[in-house]
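**Q** First, the structure itself, so that you have it in front of you.
The values are calculated or read from the model by the stated rules, or taken from the named source; none is laboratory data. The model shown is predicted, which means the values in this text are computed figures rather than measured ones. Cβ atoms come from the backbone with ideal geometry, glycine included; neighbour counts cover every protein chain shown. Just the protein is used for accessible areas: all its heavy atoms, side chains included, with ligands, DNA and RNA removed. Shrake-Rupley method; radii C 1.70, N 1.55, O 1.52, S 1.80 Å.
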Amino acid sequence: MEERFCLHCRGRVRGRSDKKFCSESCRNMHNNQLNSTANAIIRNVNIILRKNRRLLGMFLGDEERLVISRESMLLKGFNFEYFTKRFVDNDGYTYFFVYEYGYFALSAEEFVIVKDPALDEGELD
Ligand SMILES: [Zn+2]
């Protein structure tokens, strides 16, 4: 029979052929590590999304739409790789939304920031 080693401590595993850990505590420690890695990934992405959302809201202020340069957004730390929704409107503009705030490119260097009326306060209640 093939030798098997614990996924956590690399110690020899005895017993059922589908057993992956030498002990209950190794199984628990392994699963805790997996969870903390997943939680760290989620936490880091959430931090970026929250910052992007806060910046879009700050740029837009009380306006309905706002033209802004890519550079102004980058200078404040906006991260263009992270968004929560993407869609293309009837005119072919691709909108990238971060929760209720979105933007689309006017040109290579300019964006228009908007607020999604469907996600506006109150309408989700
Ligand atoms: Zn072990």
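**Q** Can you pull out the strands (runs of 3 or more DSSP E) entirely within segment 66-125 that have at least 3 residues that are modelled with pLDDT of 95 or more, open to solvent by less than 60 Å² (accessible area, probe 1.4 Å) and within 16 Å of ASN52 (Cβ to Cβ)?
**A** Answer list for segment 66-125: 94-98, 101-105, 110-115.
**Q** Which condition number in (1) more than 16 Å from the ligand (Cβ to nearest atom); (2) open to solvent by less than 70 Å² (accessible area, probe 1.4 Å) is the one that GLY11 fails?
**A** (1)
**Q** In this structure, does GLY61 turn out to be at positive phi and surrounded by fewer than 10 Cβ atoms within 10 Å (Cβ to Cβ)?
**A** Yes: the conditions hold for GLY61.
**Q** Taking the criterion of being among the aliphatic types (A, V, I, L, M), open to solvent by 70 Å² or more (accessible area, probe 1.4 Å) and within 16 Å of the ligand (Cβ to nearest atom), would at least one residue in segment 34-56 satisfy it?
**A** Checked against the condition, which is being among the aliphatic types (A, V, I, L, M), open to solvent by 70 Å² or more (accessible area, probe 1.4 Å) and within 16 Å of the ligand (Cβ to nearest atom), segment 34-56 yields at least one hit.
**Q** Give segment 15-33 a look and list any residue that's at negative phi and away from the ligand (no atom under 11 Å from the Cβ), or say none.
**A** Passing the criteria: ARG16, SER17, ASP18, ASN31, ASN32, GLN33.
**Q** Regarding segment 18-33, can at least one residue be identified that is of a type in the set (Ser, Thr, Tyr) and closer than 30 Å to GLU2 by Cα?
**A** yes
**Q** So which of LEU34, LEU7, LEU74, LEU49 ends up being aliphatic (A, V, I, L, M) and within 15 Å of PHE111 (Cβ to Cβ)?
**A** Exactly one of LEU34, LEU7, LEU74, LEU49 is aliphatic (A, V, I, L, M) and within 15 Å of PHE111 (Cβ to Cβ), namely LEU74.
**Q** Do you know which residues across segment 1-41 are touching a Cys at 6+ places or on another chain (Cβ under 9 Å), hydroxyl-bearing (Ser, Thr, Tyr) and at pLDDT below 95?
**A** Result: no residue meets the conditions.
**Q** Write out, first by first residue and then by second, each pair whose Cβ atoms fall under 9 Å of each other, whose residues are 6+ apart or on separate chains, and whose first residue, in segment 61-79, is among the hydroxyl-bearing types (Ser, Thr, Tyr) while the second is assigned to a strand (DSSP E or B) and surrounded by 12 or more Cβ atoms within 10 Å (Cβ to Cβ).
**A** SER69/GLU110; SER69/PHE111
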